[in-house]
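I have placed the structure first, in the form of structure tokens, so that the comments after it can refer back to it.
The values are calculated or read from the model by the stated rules, or taken from the named source; none is laboratory data. From a predicted model like this one, the values you see are computed outputs, not experimental measurements. Please note: Cβ atoms are built from the backbone with ideal geometry, for glycine as well, and neighbour counts cover all protein chains shown.
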Amino acid sequence: MSILKIYFPEETHNPPAASLEEPTPMVLPFNRGPLKKPHYLRQNDWTLKRARILFKNQQCPACSSAAVSSLELRDGLLNRKDHMIPGTATVVGFRCESCDSEWPA
């Protein structure tokens, strides 16, 4: 990846000599806009929320088993063949495969 360097000229005591044919160089102002938060710091991303919910519920609270499956609504996005796209449905709860206990998300 290349690094972009910005040159900020400092005031010099000896201005460069300009010829009569060339116009004097003009400095264009650079207006800086308001600073925005980076996209990865925003907390309203639904994929980030889903990943956090899945991470927090990796183990069963009753038996501490890692055999946990998520319970999802059928509201996910559909592709062109009317199949649900994995990871787009709303997670409403979890179910332990070992002890059959269920808990909300």
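If the condition is being modelled with pLDDT of 90 or more, surrounded by 13 or more Cβ atoms within 10 Å (Cβ to Cβ) and not in a strand (DSSP E or B), then region 64-88 contributes only SER65.
For PHE55, the conditions (1) under 23 Å from the mean Cα position of the chain (by Cα); (2) at pLDDT below 80; (3) surrounded by fewer than 10 Cβ atoms within 10 Å (Cβ to Cβ) all hold with the exception of (2). Only a single item in (1) at pLDDT 90 or above; (2) of a type in the set (D, E, K, R); (3) loosely packed, with under 10 Cβ neighbours inside 10 Å is not met by GLU22, and it is number (1).
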